[in-house]
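Here the structure is laid out as structure tokens; the discussion comes afterwards.
The values are calculated or read from the model by the stated rules, or taken from the named source; none is laboratory data. Model, not experiment: these values are computed from the prediction. Because the Cβ atoms are built from the backbone with ideal geometry, glycine has one as well, and the counts that use them run over all protein chains shown.
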Amino acid sequence: MSFGSLELPGLTLFEELLEIPAPAGFEGPMAEFLVEKLKGWGFEPSLDDAGNVIVRVEGTKEDAPLVCLAAHIDEIGMVVTRIEEDGALRVTRSGGLHPWKLGEGPVEILGDCETILGAVSMGSGHSRSVVAQDVTWERVRVLTGLTPQRLAGRGVRIGTPIVPARAVRGPFLFGAAADPMVAAWSFDNRLGVTVLLQLLKRAMDEDLRPHCRFLVAFTVQEEIGCHGAKILAQRERPDVFVAVDGSPLVPECPIALDGRPGIRSKDRVATYDQELLADLCRLSADAGVELQPVVYDGAASDASLVYSIGASPRAACLGYVRESSHGFEVAPHSTFDKLLTAITAFFEHWEG
């Protein structure tokens, strides 16, 4: 993909991933896409019983630790809680979605038989009683234009997932040509998946040989409890678990939206391995990319949840800094390359 005369590697793959809805618990089409993509590049990916996609890379160092690099493939969304007599759907969130982030607009209702379009409605702006209310899920309806019987014929039921329509998901580029801003619904965690795919492609094309054994995993159901990562880690018992995920830009955290990745020192679940943090910062700096350490009170990751259940003794979380997290997210395009550089440096040079 290009912006003016500027070629933007990675963005085409990112756009491909945005095409595929993957709300938590319904990641099958995304997993299938990843398996076929990786097979086309010469890998032998596996799909475990939880739905995680896994690629194993052998290391050159004897008795090397097993390192898991993980990016979750699910996204936030909505699920149907009730179907009304006029065919409107009542919904609640799946993952950390707030209705004010969603707004009113087109959505895709992922029925068991087919996907249909609908429109989010939160009431009339001409009603004082509506305007005075807080935006809560009780206010949200999804209009379908179909009867309950026709919805049932398309496989729409209680529990059916709903996501923003493809037409509004992006990516959209704007700003300075030298490093344009990228906006999409949502980066989380398609950018992490993009970077790990690029890492594997580079390792194959350039015959990169890591010192350690690596398990590159694309995990499910992170947004609703990190269930895929927990199952994976309890089975594989990696010595090190590194999540590649977002680093939200929040007022209380002094990080900048300048393309430099964030690296978590602590989040609401765990304090991360500080020696591992230092190694990641050093290796990334040697490769020309400075990392931004950050502490979060309101976030968690596959890595911190895996550590919290004792499934891996060392954890880290490295990710892209982006504005408007869990919504229509924005980051400079340089984020793509800088995060890939940091991950590649760790993959290629860390000795355990």
Subject >> Among residues of the stretch 271-328, those that are in contact (Cβ under 8 Å) with a residue 40 or more places away in the chain and more than 25 Å from G95 (Cβ to Cβ), counted >> reply: 13
**OP:** Could you grab me the full set of residues in the stretch 170-186 that are closer than 17 Å to G10 by Cα and in a loop (DSSP other than H, G, I, E, B)?
**Re:** G170, P171, A177, A178, D179, P180, W185, S186
Original post:
Does any residue in the stretch 159-170 that is on the phi > 0 side of the Ramachandran plot come within less than 9 Å, Cβ to Cβ, of a residue that is charged (D, E, K, R) and part of a helix (DSSP H, G or I) six or more places away or on a different chain, and which pairs are these?
Top reply: G170/E15
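Mind listing just one residue for me: the one in the stretch 158-191 that is small (G, A, S) and touching a helix residue (DSSP H, G or I) at 6+ places or on another chain (Cβ under 8 Å) and, of those, farthest from L97 (Cα to Cα)? First the steps, then the outcome.
From the stretch 158-191, those small (G, A, S) are 159, 165, 167, 170, 175-178, 183-184, 186; that's our starting set.
Narrowing the set further to residues that are touching a helix residue (DSSP H, G or I) at 6+ places or on another chain (Cβ under 8 Å) leaves 170, 184.
Details: G170: 18, A184: 15 Å.
Looking at the filtered set, the residue picked out is G170.
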Subject >> When residues of the stretch 314-352 are limited to those that are among the basic types (K, R) and part of a strand (DSSP E or B), the one farthest from the chain's Cα centre (by Cα) >> reply: R314
**OP:** Within the stretch 109-136, track down each residue that is at pLDDT 95 or above and under 21 Å from G96 (Cβ atoms).
**Re:** I109, L110, V120
Original post:
Residue check, G77 against (1) of a type outside the set (A, V, I, L, M, F, W, C); (2) within 30 Å of T344 (Cβ to Cβ); (3) buried (at least 24 other Cβ atoms within 10 Å of the Cβ), all met but one. Which one?
Top reply: (2)
**OP:** Working carefully through the options E348, E329, find the one that is charged (D, E, K, R) and out of contact with any Asp or Glu (no Cβ under 8 Å at 6 or more places or on another chain).
**Re:** E348
**OP:** Under 7 Å between Cβ atoms, at least 6 apart or on separate chains: pull out the pairs that start in the stretch 330-352 with a residue that is without any contact (Cβ under 8 Å) to a residue 12 or more places away in the chain and end on any residue that is in a strand (DSSP E or B) and among the acidic types (D, E).
**Re:** none
Original post:
I309 fails exactly one of the following numbered conditions: (1) at pLDDT 95 or above; (2) more than 21 Å from R56 (Cβ to Cβ); (3) hydrophobic (A, V, I, L, M, F, W, C); (4) surrounded by 15 or more Cβ atoms within 10 Å (Cβ to Cβ). What is the number of that condition?
Top reply: (4)
**OP:** Can you work out which of the residues in the stretch 217-256 that are surrounded by fewer than 24 Cβ atoms within 10 Å (Cβ to Cβ) and at positive phi is nearest to the chain's Cα centre (by Cα)?
**Re:** G225
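Taking the stretch 136-169, which residues are assigned to a loop (DSSP other than H, G, I, E, B), more than 21 Å from the chain's Cα centre (by Cα) and closer than 30 Å to L257 by Cβ?
Once the filter is applied, which keeps residues that are assigned to a loop (DSSP other than H, G, I, E, B), more than 21 Å from the chain's Cα centre (by Cα) and closer than 30 Å to L257 by Cβ, the stretch 136-169 yields T136, V140.
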**OP:** From S325, S301, grab the single residue that is assigned by TED's automatic domain parsing to the domain that holds V220, among the polar types (S, T, N, Q) and modelled with pLDDT under 95.
**Re:** S325
Subject >> Filter result (touching a residue at least 12 places away in the same chain (Cβ under 8 Å), aliphatic (A, V, I, L, M) and farther than 21 Å from G42 by Cα) within the stretch 173-216 >> reply: L173, A177, A178, M181, V182, A183, A184, L191
Original post:
Among the strands (runs of 3 or more DSSP E) confined wholly to the stretch 17-107, which include 3 or more residues that are within 19 Å of F218 (Cβ to Cβ), aliphatic (A, V, I, L, M) and touching a Phe, Trp or Tyr at 6+ places or on another chain (Cβ under 8 Å)?
Top reply: 53-57, 66-72
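So that you can scan it fast, the table gives a plain yes or no per residue for (1) surrounded by 16 or more Cβ atoms within 10 Å (Cβ to Cβ); (2) outside the structural domain of W100 (by TED's automatic domain parsing):
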| position | (1), (2) |
| --- | --- |
| Q133 | no, no |
| T136 | no, no |
| L146 | yes, no |
| L151 | yes, no |
| G175 | no, yes |
| M181 | yes, yes |
| L199 | yes, yes |
| M204 | no, yes |
| D207 | no, yes |
Original post:
(1) within 30 Å of A64 (Cβ to Cβ); (2) at pLDDT below 95: which one isn't true of D179, the others all being true?
Top reply: (1)
Original post:
How do the pairs read when you match residues in the stretch 57-76 that are in contact (Cβ under 8 Å) with a residue 12 or more places away in the chain with residues anywhere that are crowded, with 24+ Cβ neighbours inside 10 Å and among the polar types (S, T, N, Q), using Cβ under 6 Å and keeping only pairs 6 or more apart or on different chains?
Top reply: A70/T219; A71/N189; H72/N189; H72/T219; D74/Q221
